[in-house]
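Structure record follows, encoded as structure tokens.
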Amino acid sequence: MNDLASVETVAEYWNRRPCNIRHSTAPIGTRAYFDAVEQRKYFVEPHIPGFADFPRWNGKRVLEIGCGLGTDAVNFARSGADYTGVELSDVSLALARQRFEVFGLPGSFALGNAEELTSLVPEASFDLVYSFGVIHHTPHPERVLAQARRVIRPDGEFRLMLYASNSWKDAMIEHGFDQPEAQSGCPIAFTYTQSEVRALLHTAGFAATDIRQDHIFPYVVEKYVRYEYELQPWFAAMPRAMFRALEQRFGWHMLITARPLG
Ligand SMILES: C[S@@+](CC[C@H](N)C(=O)[O-])C[C@H]1O[C@@H](n2cnc3c(N)ncnc32)[C@H](O)[C@@H]1O
């Protein structure tokens, strides 16, 4: 499936159901809606704020590849970053724009394919290029990485999340217990080992400075979709420290920090 889908198919999929769109039951596009989306996202994925390290980017130029509904985006902007978001899905991007308006935040956005990033944003201009859970969904991830290298400043940083193949979730998918995204039929979701990521980044002109894994979704899905958070019995039985050890060894999210090579 992975090598057949086109970028148009990818855009259609994310337009049908933008990422996290059902994180709130409030009317879509309202302040209450966006607040609830953020609350649920960081409750379920608590590793994100630490990884993004929003306050660090105060006064810096931040480019986000694949901003989705803009949850991390508003947090960069609230922290004083000069924020630009690029997104393939026009439905998602419209909501991210609306979110900035609702909260009165400054930011720029571009609709387009990150495989052609240099046609959307200026070269060598960003202190941080950030991309959470995006680049593994595009037909040619290596093109996005090469383009990211061109838009980052020589002293900039690249922080990205890619799906890990050496993970609990990948094992569950392989055995038919799970699927990569909330909605079935995701056209592309590549997964990587840490050494594959290091090699891909190197080819694109980056050196990975830190790679770690985190995040195992522990809730009963039938309850989670009703906004109830009941742990699966096998995770409920597990001491918290043991669950964290499992997440750090077999987490689905590979959290990567890289710097451009000279
Ligand atoms: C799983 S969502 C993540 C969204 C957001 N980063 C977040 O964490 O909520 C993946 C996003 O990547 C976007 N995307 C996929 N391929 C892309 C591409 N080639 N260029 C730009 N965005 C892309 C999709 O439209 C979708 O919004």
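Each reported figure results from applying straightforward, stated rules to the coordinates on display, with no laboratory input. Because the structure is a prediction, the values reported are computed rather than measured. Here the Cβ is made from the backbone with ideal geometry for all residues, glycine too, and neighbour counts use every protein chain on show.
Points worth noting:
- The range 7-260, relative contact order [Cα under 8 Å, separation at least 6], %: 18
- What the Cβ-Cβ distance of residue 16 and residue 227 gives, at R0 = 25 Å and to the nearest 0.05, is a FRET efficiency of 0.70.
- Annotation: peptides 130-136, 32-38, ranked by per-residue average of other Cβ atoms within 10 Å with the highest first, follow the order 130-136, 32-38.
- Per residue, the average separation of C-alpha pairs within less than 8 Å and at least 6 apart gives the range 130-262 a relative contact order of 38 percent.
- Candidates per chymotrypsin sites (Phe, Trp or Tyr not before Pro) in the range 42-105, loop by DSSP, up to 16 other Cβ within 10 Å: 103
- Assigned charges on the beta-carbon of Lys, Arg, Asp, Glu; the chain dipole about Cα centre (debye): 560
- The calculated FRET efficiency for the pair residue 244 and residue 119, based on their C-beta separation and a Förster distance of 30 Å, comes to about 0.10.
- The range 145-204 and the range 95-124: distance between their alpha carbon centers, rounded to Å: 22
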